[in-house]
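Take a look at the structure below.
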Amino acid sequence: MDTFLQATVMSFREGLEGFLIVIILLKFLDKTNNKPLKKQVWYGVGGGIITSLLLGLFLFGLSSYVGGLKTTAKLWESVGGMIAVILVTTFVIWMIQHGNQIKNQIEQNVANHLTKNGIMLLTLFMIAREGTEIAIFSFAGKYTLMPIIVGLVLSIILVLLIHYSLVKINLKTIFSLTLGYLIIQAGYLFGYSLHEGLSAAKSLGWIQSDSFIFSKAFNLSDTLMNHKKGVLGLPLNVTLGWYSKPEWIQFILQYVYTFSLLSYWLQKKN
(Lines give C-alpha, C1' and ligand atoms only; values in the text may rest on other atoms or scores of the structure.)
Protein backbone atom coordinates (compact mmCIF):
# COMPACT_ATOMS: atom_id res chain seq x y z
CA MET A 1 0.00 0.00 0.00
CA ASP A 2 2.95 2.33 0.63
CA THR A 3 3.73 2.42 -3.12
CA PHE A 4 0.15 3.10 -4.25
CA LEU A 5 0.56 6.88 -4.38
CA GLN A 6 3.89 6.76 -6.21
CA ALA A 7 2.52 4.37 -8.82
CA THR A 8 -0.71 6.35 -9.29
CA VAL A 9 1.09 9.70 -9.72
CA MET A 10 3.63 8.16 -12.09
CA SER A 11 1.05 6.47 -14.34
CA PHE A 12 -1.20 9.55 -14.20
CA ARG A 13 1.58 11.79 -15.44
CA GLU A 14 2.77 9.50 -18.22
CA GLY A 15 -0.80 8.64 -19.20
CA LEU A 16 -1.72 12.33 -19.29
CA GLU A 17 1.19 13.12 -21.57
CA GLY A 18 0.52 10.14 -23.81
CA PHE A 19 -3.22 10.83 -24.20
CA LEU A 20 -2.59 14.54 -24.77
CA ILE A 21 -0.23 13.56 -27.58
CA VAL A 22 -3.08 11.64 -29.24
CA ILE A 23 -5.48 14.59 -28.86
CA ILE A 24 -2.91 17.02 -30.29
CA LEU A 25 -2.28 14.73 -33.26
CA LEU A 26 -5.99 14.30 -34.03
CA LYS A 27 -6.71 18.03 -33.73
CA PHE A 28 -3.74 18.86 -35.97
CA LEU A 29 -4.98 16.45 -38.65
CA ASP A 30 -8.42 18.09 -38.44
CA LYS A 31 -6.89 21.53 -38.74
CA THR A 32 -4.85 20.56 -41.81
CA ASN A 33 -7.71 18.70 -43.57
CA ASN A 34 -6.02 15.30 -43.19
CA LYS A 35 -8.85 13.46 -41.47
CA PRO A 36 -8.27 10.19 -43.44
CA LEU A 37 -4.95 9.85 -41.60
CA LYS A 38 -6.66 9.68 -38.21
CA LYS A 39 -6.89 5.90 -38.34
CA GLN A 40 -3.10 5.75 -38.69
CA VAL A 41 -2.90 7.55 -35.34
CA TRP A 42 -5.00 4.82 -33.74
CA TYR A 43 -2.86 2.12 -35.37
CA GLY A 44 0.17 3.81 -33.86
CA VAL A 45 -1.51 4.03 -30.46
CA GLY A 46 -2.24 0.29 -30.58
CA GLY A 47 1.34 -0.50 -31.59
CA GLY A 48 2.75 1.72 -28.85
CA ILE A 49 0.59 0.08 -26.19
CA ILE A 50 1.55 -3.42 -27.37
CA THR A 51 5.25 -2.47 -27.36
CA SER A 52 4.95 -1.12 -23.81
CA LEU A 53 3.07 -4.21 -22.57
CA LEU A 54 5.67 -6.54 -24.08
CA LEU A 55 8.48 -4.63 -22.40
CA GLY A 56 6.60 -4.64 -19.08
CA LEU A 57 5.94 -8.40 -19.28
CA PHE A 58 9.59 -9.04 -20.13
CA LEU A 59 10.83 -6.96 -17.19
CA PHE A 60 8.42 -8.49 -14.69
CA GLY A 61 9.08 -12.02 -15.97
CA LEU A 62 12.83 -11.55 -15.74
CA SER A 63 12.50 -10.03 -12.27
CA SER A 64 10.32 -12.90 -11.03
CA TYR A 65 12.72 -15.51 -12.40
CA VAL A 66 15.89 -13.99 -11.00
CA GLY A 67 14.16 -12.86 -7.81
CA GLY A 68 13.31 -16.45 -7.02
CA LEU A 69 17.00 -17.25 -6.56
CA LYS A 70 17.73 -16.04 -3.05
CA THR A 71 21.48 -15.62 -3.48
CA THR A 72 21.11 -13.26 -6.43
CA ALA A 73 17.75 -11.59 -5.71
CA LYS A 74 19.20 -8.49 -4.03
CA LEU A 75 21.96 -8.18 -6.61
CA TRP A 76 19.37 -8.31 -9.39
CA GLU A 77 17.24 -5.67 -7.68
CA SER A 78 20.29 -3.43 -7.47
CA VAL A 79 21.45 -3.92 -11.06
CA GLY A 80 17.91 -3.79 -12.47
CA GLY A 81 17.18 -0.69 -10.39
CA MET A 82 20.32 1.07 -11.63
CA ILE A 83 19.45 0.31 -15.25
CA ALA A 84 15.99 1.71 -14.59
CA VAL A 85 17.50 4.83 -12.99
CA ILE A 86 19.62 5.46 -16.08
CA LEU A 87 16.64 5.10 -18.41
CA VAL A 88 14.30 7.14 -16.21
CA THR A 89 16.97 9.87 -15.95
CA THR A 90 17.13 10.14 -19.74
CA PHE A 91 13.32 10.50 -19.85
CA VAL A 92 13.35 13.16 -17.14
CA ILE A 93 16.13 15.14 -18.83
CA TRP A 94 14.25 15.00 -22.14
CA MET A 95 11.13 16.34 -20.44
CA ILE A 96 13.12 19.13 -18.77
CA GLN A 97 14.59 20.17 -22.10
CA HIS A 98 11.51 19.83 -24.29
CA GLY A 99 8.43 19.73 -22.06
CA ASN A 100 7.47 23.39 -22.55
CA GLN A 101 7.44 23.06 -26.33
CA ILE A 102 5.81 19.64 -26.55
CA LYS A 103 2.74 20.81 -28.50
CA ASN A 104 4.81 22.68 -31.11
CA GLN A 105 7.25 19.78 -31.39
CA ILE A 106 4.47 17.25 -31.97
CA GLU A 107 2.84 19.39 -34.66
CA GLN A 108 6.19 19.99 -36.35
CA ASN A 109 6.95 16.26 -36.34
CA VAL A 110 3.55 15.52 -37.81
CA ALA A 111 4.11 18.07 -40.57
CA ASN A 112 7.45 16.41 -41.37
CA HIS A 113 5.96 12.89 -41.44
CA LEU A 114 2.59 13.54 -43.10
CA THR A 115 2.24 10.11 -44.74
CA LYS A 116 0.32 7.04 -43.61
CA ASN A 117 3.42 5.19 -42.43
CA GLY A 118 5.00 8.35 -41.09
CA ILE A 119 2.00 9.23 -38.92
CA MET A 120 1.64 5.66 -37.65
CA LEU A 121 5.33 5.27 -36.78
CA LEU A 122 5.51 8.71 -35.17
CA THR A 123 2.48 7.93 -32.97
CA LEU A 124 3.81 4.46 -32.14
CA PHE A 125 7.15 5.89 -31.06
CA MET A 126 5.68 8.67 -28.92
CA ILE A 127 3.13 6.41 -27.18
CA ALA A 128 5.71 3.64 -26.69
CA ARG A 129 8.04 6.17 -25.07
CA GLU A 130 5.43 7.03 -22.43
CA GLY A 131 4.44 3.39 -21.97
CA THR A 132 8.07 2.35 -21.66
CA GLU A 133 8.55 4.84 -18.86
CA ILE A 134 5.54 3.38 -17.03
CA ALA A 135 6.91 -0.14 -17.53
CA ILE A 136 10.38 0.77 -16.27
CA PHE A 137 9.12 2.66 -13.21
CA SER A 138 6.67 -0.16 -12.44
CA PHE A 139 9.39 -2.80 -12.70
CA ALA A 140 11.88 -0.86 -10.61
CA GLY A 141 9.36 0.22 -7.96
CA LYS A 142 7.61 -3.17 -7.82
CA TYR A 143 4.28 -1.47 -8.43
CA THR A 144 1.11 -3.51 -8.68
CA LEU A 145 -1.37 -3.24 -11.53
CA MET A 146 -4.19 -1.50 -9.63
CA PRO A 147 -2.53 1.90 -8.98
CA ILE A 148 -1.21 1.92 -12.56
CA ILE A 149 -4.77 1.48 -13.85
CA VAL A 150 -6.12 4.12 -11.43
CA GLY A 151 -3.55 6.67 -12.63
CA LEU A 152 -4.26 5.92 -16.30
CA VAL A 153 -8.03 6.15 -15.83
CA LEU A 154 -7.67 9.50 -14.04
CA SER A 155 -5.48 10.80 -16.87
CA ILE A 156 -8.01 9.66 -19.50
CA ILE A 157 -10.84 11.41 -17.62
CA LEU A 158 -8.85 14.65 -17.37
CA VAL A 159 -7.84 14.57 -21.05
CA LEU A 160 -11.46 14.01 -22.11
CA LEU A 161 -12.61 16.91 -19.93
CA ILE A 162 -9.93 19.14 -21.44
CA HIS A 163 -10.72 17.95 -24.97
CA TYR A 164 -14.40 18.77 -24.68
CA SER A 165 -13.59 22.04 -22.89
CA LEU A 166 -15.45 21.00 -19.75
CA VAL A 167 -12.57 22.10 -17.54
CA LYS A 168 -9.89 24.78 -17.80
CA ILE A 169 -6.64 23.72 -16.26
CA ASN A 170 -3.02 24.83 -16.25
CA LEU A 171 -1.26 21.82 -17.76
CA LYS A 172 2.13 23.43 -17.26
CA THR A 173 1.53 23.46 -13.49
CA ILE A 174 0.44 19.80 -13.48
CA PHE A 175 3.46 18.74 -15.51
CA SER A 176 5.78 20.71 -13.23
CA LEU A 177 4.37 19.22 -10.03
CA THR A 178 4.42 15.66 -11.31
CA LEU A 179 7.85 16.03 -12.92
CA GLY A 180 9.27 17.26 -9.62
CA TYR A 181 7.66 14.32 -7.86
CA LEU A 182 9.13 11.85 -10.35
CA ILE A 183 12.60 13.33 -9.86
CA ILE A 184 12.29 12.77 -6.10
CA GLN A 185 11.09 9.20 -6.66
CA ALA A 186 13.91 8.54 -9.12
CA GLY A 187 16.35 9.68 -6.43
CA TYR A 188 14.77 7.29 -3.95
CA LEU A 189 15.04 4.48 -6.51
CA PHE A 190 18.73 5.32 -6.92
CA GLY A 191 19.30 5.20 -3.17
CA TYR A 192 17.33 1.97 -2.79
CA SER A 193 19.33 0.32 -5.60
CA LEU A 194 22.58 1.31 -3.87
CA HIS A 195 21.30 -0.11 -0.57
CA GLU A 196 20.29 -3.42 -2.16
CA GLY A 197 23.62 -3.62 -3.98
CA LEU A 198 25.55 -3.19 -0.73
CA SER A 199 23.35 -5.77 0.96
CA ALA A 200 23.96 -8.23 -1.88
CA ALA A 201 27.72 -7.61 -1.79
CA LYS A 202 27.73 -8.36 1.96
CA SER A 203 25.68 -11.55 1.53
CA LEU A 204 27.96 -12.79 -1.24
CA GLY A 205 31.08 -12.04 0.80
CA TRP A 206 32.37 -9.39 -1.58
CA ILE A 207 32.45 -6.80 1.21
CA GLN A 208 33.00 -7.57 4.89
CA SER A 209 30.04 -6.77 7.13
CA ASP A 210 32.20 -4.58 9.39
CA SER A 211 33.43 -2.43 6.49
CA PHE A 212 33.14 1.33 6.91
CA ILE A 213 30.99 1.41 3.77
CA PHE A 214 28.07 0.13 5.85
CA SER A 215 28.31 3.02 8.31
CA LYS A 216 24.90 4.60 8.82
CA ALA A 217 24.35 8.30 8.29
CA PHE A 218 21.70 7.98 11.02
CA ASN A 219 19.25 5.38 12.34
CA LEU A 220 15.75 6.53 13.19
CA SER A 221 14.07 3.14 12.76
CA ASP A 222 12.99 3.05 16.43
CA THR A 223 11.23 6.40 16.21
CA LEU A 224 8.19 7.92 14.55
CA MET A 225 10.44 8.40 11.50
CA ASN A 226 10.63 4.65 10.72
CA HIS A 227 10.09 4.54 6.95
CA LYS A 228 8.00 1.36 7.05
CA LYS A 229 5.62 1.92 9.97
CA GLY A 230 6.40 5.24 11.62
CA VAL A 231 3.59 7.78 11.94
CA LEU A 232 5.77 10.40 10.24
CA GLY A 233 8.24 8.15 8.46
CA LEU A 234 5.73 6.14 6.43
CA PRO A 235 3.98 9.12 4.77
CA LEU A 236 7.38 10.72 4.14
CA ASN A 237 8.53 7.48 2.54
CA VAL A 238 5.44 7.41 0.32
CA THR A 239 5.62 11.05 -0.72
CA LEU A 240 9.33 11.92 -0.64
CA GLY A 241 11.23 8.63 -0.62
CA TRP A 242 12.38 8.99 3.01
CA TYR A 243 14.58 6.17 4.38
CA SER A 244 15.14 5.96 8.14
CA LYS A 245 18.52 4.18 8.28
CA PRO A 246 20.61 4.86 5.17
CA GLU A 247 24.29 4.13 4.76
CA TRP A 248 26.37 7.26 4.26
CA ILE A 249 27.07 6.38 0.64
CA GLN A 250 23.37 5.82 -0.02
CA PHE A 251 22.33 9.02 1.72
CA ILE A 252 24.92 11.24 0.00
CA LEU A 253 24.54 9.87 -3.53
CA GLN A 254 20.73 9.76 -3.40
CA TYR A 255 20.43 13.41 -2.49
CA VAL A 256 23.28 14.55 -4.74
CA TYR A 257 21.42 12.87 -7.61
CA THR A 258 18.05 14.34 -6.59
CA PHE A 259 19.24 17.91 -6.04
CA SER A 260 21.38 17.82 -9.19
CA LEU A 261 18.33 16.98 -11.32
CA LEU A 262 16.16 19.51 -9.50
CA SER A 263 18.84 22.20 -9.95
CA TYR A 264 19.17 21.38 -13.64
CA TRP A 265 15.39 21.62 -14.03
CA LEU A 266 15.22 25.00 -12.24
CA GLN A 267 18.11 26.27 -14.35
CA LYS A 268 16.28 25.31 -17.56
CA LYS A 269 13.07 26.92 -16.33
CA ASN A 270 14.89 30.23 -15.68
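The values are calculated or read from the model by the stated rules, or taken from the named source; none is laboratory data. Remember, predicted model here, so these are calculated numbers, not experimental data. Every residue, glycine as well, gets a Cβ built from its backbone with ideal geometry; the counts of neighbours run over all protein chains shown.
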Which of (1) out of contact with any Ser or Thr (no Cβ under 6 Å at 6 or more places or on another chain); (2) under 20 Å from L20 (Cα atoms); (3) of a type outside the set (G, A, S) is the odd one out, the single condition V150 does not satisfy? (1)
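Tell me which residues, restricted to the range 219-236, are touching a His at 6+ places or on another chain (Cβ under 9 Å) and either at pLDDT 90 or above or closer than 17 Å to E196 by Cα (or both).
Scanning the range 219-236 gives a single hit, L220.
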Out of the range 132-152, which residues are surrounded by fewer than 19 Cβ atoms within 10 Å (Cβ to Cβ) and of a type in the set (A, V, I, L, M)? L145, M146, I149, V150
Inspect all residues belonging to the range 207-215 and state whether any of them is closer than 30 Å to S263 by Cβ, touching a helix residue (DSSP H, G or I) at 6+ places or on another chain (Cβ under 9 Å) and not in a helix (DSSP H, G or I). yes
State all residues of the range 182-196 that are within 13 Å of L87 (Cβ to Cβ) and not aliphatic (A, V, I, L, M); if no residue qualifies, say none. F190, S193
For S155, are the conditions met, namely being at pLDDT 75 or above and either touching an Asp or Glu at 6+ places or on another chain (Cβ under 6 Å) or surrounded by fewer than 18 Cβ atoms within 10 Å (Cβ to Cβ) (or both)? no
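Which ones in the range 112-131 are surrounded by fewer than 21 Cβ atoms within 10 Å (Cβ to Cβ) and more than 24 Å from G80 (Cβ to Cβ)?
Taking the range 112-131 and keeping what is surrounded by fewer than 21 Cβ atoms within 10 Å (Cβ to Cβ), we get 112-118, 121, 125, 129.
Matches in the range 112-131: N112, H113, L114, T115, K116, N117, G118, L121, F125.
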Got a sec? Which of S260, S209, S215 is exposed (fewer than 12 other Cβ atoms within 10 Å of the Cβ), at pLDDT 85 or above and out of contact with any Ser or Thr (no Cβ under 7 Å at 6 or more places or on another chain)? S215
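To keep it simple, each residue is scored yes or no on (1) in contact with a strand residue (DSSP E or B) (Cβ under 9 Å, 6 or more places away or on another chain); (2) in a helix (DSSP H, G or I); (3) β-branched (V, I, T); (4) closer than 20 Å to Q6 by Cα.
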residue	(1), (2), (3), (4)
G151	no, yes, no, yes
L161	no, yes, no, no
Y192	no, yes, no, yes
A200	no, yes, no, no
H227	no, no, no, yes
G230	no, no, no, yes
L236	no, yes, no, yes
Of (1) loosely packed, with under 14 Cβ neighbours inside 10 Å; (2) part of a helix (DSSP H, G or I); (3) acidic (D, E), D222 satisfies every one except (2)
Residue ID - surrounded by the most Cβ atoms within 10 Å (Cβ to Cβ), chosen from residues in the range 1-37 that are acidic (D, E) and closer than 17 Å to A128 by Cβ: E14
Could you give every pair whose Cβ atoms fall below 6 Å, whose first residue belongs to the range 135-146 and is more than 12 Å from L189 (Cα to Cα), and whose second residue is part of a helix (DSSP H, G or I) and not aliphatic (A, V, I, L, M), counting only separations of at least 6 or pairs across chains? A135/S52; A135/G56
Number of positions in the range 38-51 that are within 15 Å of T115 (Cβ to Cβ) and surrounded by fewer than 19 Cβ atoms within 10 Å (Cβ to Cβ): 3
Could you check how many residues of the range 4-40 are modelled with pLDDT of 85 or more and of a type in the set (A, V, I, L, M, F, W, C)? 1
